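Q: First the structure, which I've put down as structure tokens, then a few questions once you've had a look.
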Amino acid sequence: MTLTTSPSQSQFTSAITARFDALAPLRLPPDLRLTPDQFELVCAENRDAVLELAADGRVIAMTPTGSETSGRNSDLLFQLQTFARASGAWKVFESSGGFRLPDGSIVSPDASLVRLDRWQALSTAERRSFAPLCPDLVVELASPSDEGPRGVSALRQKMAAYQANGARLGWLLLPHEQAVEIWPASGAPQRLEQIDVLEATPEFPGLQLQLAEIWAG
């Protein structure tokens, strides 16, 4: 099912969405395909829903994380924010911030960095919407289960998409294995195990993650 833009956008949104009830998942037809603009309207009508848009127009409903993963993500963000403030050259984004990638998908990494000059080059309208760029650094935290959009298999597909859309570096953190997959700007990922400190590539001078603090949850 592909929806075309109708004369009345309000009719479009009311036809496929109702006010989101956090106790009941948002249900959409499996063959539904949306444009990025239509997806933005759906998100505006369902502000409590956590949604992403695949490059082919599919809507992906993201499940809430467990408390342990949430704690790890908070520590990850703290470390990135500390680096960004000391550097003065980066903008940090957390998991609720969406980005419109060049392939038309709209995604929300668990954490990301955007070079400050790239962020400042955006218009006010672009900043208030889904920023039309791929972050320079993307980080995803895998859940222990391989099922659903937060499982390792799904996240590896996302990491490949980030890479294809221009990310300079990607980190896929695997807390249950205490391992990291490093996705460079191009080429195959590298897996590191049993390391205490994760150092970024030269494009991010001085950036390190203290992994033991993140693994602790």
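Q: Show the residue pairs meeting these rules: Cβ distance below 7 Å; 6+ apart or different chains; first residue within the stretch 50-71 and among the acidic types (Asp, Glu); second residue assigned to a strand (DSSP E or B).
A: What qualifies is GLU52/ILE60; GLU52/ILE106; GLU52/VAL107; ASP56/ARG33.
Q: Would you confirm, using the coordinates I've provided, whether ALA160 is touching a residue at least 24 places away in the same chain (Cβ under 8 Å), closer than 23 Å to VAL114 by Cα and surrounded by 13 or more Cβ atoms within 10 Å (Cβ to Cβ)?
A: On the way: touching a residue at least 24 places away in the same chain (Cβ under 8 Å): no; closer than 23 Å to VAL114 by Cα: yes; surrounded by 13 or more Cβ atoms within 10 Å (Cβ to Cβ): yes.
The answer is no for ALA160.
Q: Another one. Which numbered condition trips up ASP48, out of (1) outside any helix (DSSP H, G or I); (2) assigned by TED's automatic domain parsing to the domain that holds GLU177?
A: The one condition ASP48 does not meet is (2).
Q: Select the strands (runs of 3 or more DSSP E) contained entirely in the stretch 170-217, then report the ones holding at least 3 residues which are more than 13 Å from VAL139 (Cα to Cα). Let's see the steps before the verdict.
A: Working: elements: 179-184, 190-193, 197-199, 208-210.
It comes to 190-193.
Q: List the number of the failed condition for LYS91; all other conditions in (1) in a helix (DSSP H, G or I); (2) in contact with a helix residue (DSSP H, G or I) (Cβ under 9 Å, 6 or more places away or on another chain); (3) basic (Lys, Arg) hold.
A: (1)
Q: Moving to a separate point now. Of everything in the stretch 119-137, what is over 17 Å from LEU53 (Cα atoms) and out of contact with any Leu (no Cβ under 6 Å at 6 or more places or on another chain)? Give them in sequence order. Lay out the reasoning, then the answer.
A: Here is the first cut: in the stretch 119-137, the ones over 17 Å from LEU53 (Cα atoms) are 119-128, 136-137.
Of everything in the stretch 119-137, those that are over 17 Å from LEU53 (Cα atoms) and out of contact with any Leu (no Cβ under 6 Å at 6 or more places or on another chain) turn out to be TRP119, GLN120, ALA121, LEU122, SER123, THR124, ALA125, GLU126, ARG127, ARG128.
Q: Counting just the residues of the stretch 89-122 that are among the charged types (D, E, K, R) and surrounded by fewer than 17 Cβ atoms within 10 Å (Cβ to Cβ), which one comes out farthest from MET159 (Cα to Cα)? Before you say what the answer is, go through the steps one by one.
A: Let us first name the residues in the stretch 89-122 that are among the charged types (D, E, K, R), namely 91, 94, 100, 103, 110, 115, 117-118.
Now narrow it down to the ones that are surrounded by fewer than 17 Cβ atoms within 10 Å (Cβ to Cβ): 94, 103, 117-118.
Working: GLU94: 16, ASP103: 14, ASP117: 24, ARG118: 21 Å.
It comes out as ASP117.
Q: Could you list, in sequence order, all residues of the stretch 122-151 that are among the hydroxyl-bearing types (Ser, Thr, Tyr) and free of Cβ contacts under 8 Å to residues at least 60 places away in the same chain?
A: First, pick out the residues of the stretch 122-151 that are among the hydroxyl-bearing types (Ser, Thr, Tyr): 123-124, 129, 143, 145.
Hits for the stretch 122-151 are SER123, THR124, SER145.
Q: Name the residue that is surrounded by the fewest Cβ atoms within 10 Å (Cβ to Cβ), counting only residues in the stretch 61-77 that are modelled with pLDDT under 85 and outside any loop (DSSP other than H, G, I, E, B). Quick ask: steps written out before the conclusion?
A: Just the residues of the stretch 61-77 that are modelled with pLDDT under 85, to begin with: 61-70.
In the following step, the residues that additionally are outside any loop (DSSP other than H, G, I, E, B) were identified as 61, 67-70.
On the way: ALA61: 15, SER67: 9, GLU68: 13, THR69: 18, SER70: 13.
The residue in question is SER67.
Q: While we're looking at this one, here's another question. Whether any residue in the stretch 95-107 is closer than 30 Å to ALA216 by Cβ and either part of a strand (DSSP E or B) or modelled with pLDDT of 95 or more (or both) is what I want to check.
A: Here is the first cut: in the stretch 95-107, the residues closer than 30 Å to ALA216 by Cβ are 95-99, 107.
Remaining after also requiring either part of a strand (DSSP E or B) or modelled with pLDDT of 95 or more (or both): 99, 107.
Yes: one or more hits.
Q: Same structure, new question: Answer yes or no: is there a residue in the stretch 98-119 that is in contact with a helix residue (DSSP H, G or I) (Cβ under 6 Å, 6 or more places away or on another chain), under 23 Å from PHE78 (Cα atoms) and not assigned by TED's automatic domain parsing to the domain that holds PHE39.
A: Yes - at least one qualifying residue is present in the stretch 98-119.
Q: Of the residues ASP56, ASP21, which is at pLDDT 85 or above, loosely packed, with under 13 Cβ neighbours inside 10 Å and more than 30 Å from GLU199 (Cβ to Cβ)?
A: ASP56
The values are calculated or read from the model by the stated rules, or taken from the named source; none is laboratory data. Everything numeric here is computed off the predicted structure, so don't read it as measured data. Cβ: placed from backbone, ideal geometry, glycine included. Neighbour counts: every protein chain shown.
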